[in-house]
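To start, the structure under review is shown below, and the notes come after it.
Bear in mind these aren't lab numbers, they're just calculated from the coordinates by the rules spelled out. For clarity, every value in this text was computed on a predicted model and none was experimentally measured.
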Amino acid sequence: MDKLLQFGRKAWFIVRVMSGHEERRIRSYRLQLQKRLEMAQARKEELRKQPEQVILSEVRQVVQQMQALNQHLDEAEAAIDEYFKPIDKNAKIIADLQLEKEEKQMKEMAKVMQEQIKMQREITMKRAEAASVESNDTKVGEKVAEIPPK
């Protein structure tokens, strides 16, 4: 009975091979294996790319955070400038007033110095005149002393 069963199996196998059924089954199995292999490779590629994508997404997040921080800093700087604008105006006015005051003082000092120089020249000229008048007087006095009285 086993021999008959084996013979039947072999015969049935030969019939399937002859009809092409076995070949199609083998081809189908091979295609199925090939598809599984391709899917496994695709998953493997995705897993390999996944860290890159994670890194890129983290880099994008960091860049967005930095841009948000820069924008926040710009807004804060603008708010600070706006807050200190009146103080800056007052400081500028005070600085301008101080500069004007210093310029006036310098002009006054220059005037005083010019007046002092002018006075010193006048004093020097008067002394020179007095010295020349004195020397003329002494010369006249000497001449008078030289002339005998009559």
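Can you compute 3J(HN,Hα) from phi for each residue in segment 62-79, using the Karplus curve 6.51 cos²θ - 1.76 cosθ + 1.60 with θ = phi - 60°, rounded to whole Hz and x for Gly and Pro?
Coupling constants for segment 62-79: 4, 4, 5, 5, 5, 5, 4, 5, 4, 5, 4, 5, 4, 5, 5, 4, 5, 5 Hz.
For the chain, what value does the Rg/Rh ratio take when both radii are computed over Cα atoms and Rh is the Kirkwood radius, given to two decimals?
2.01
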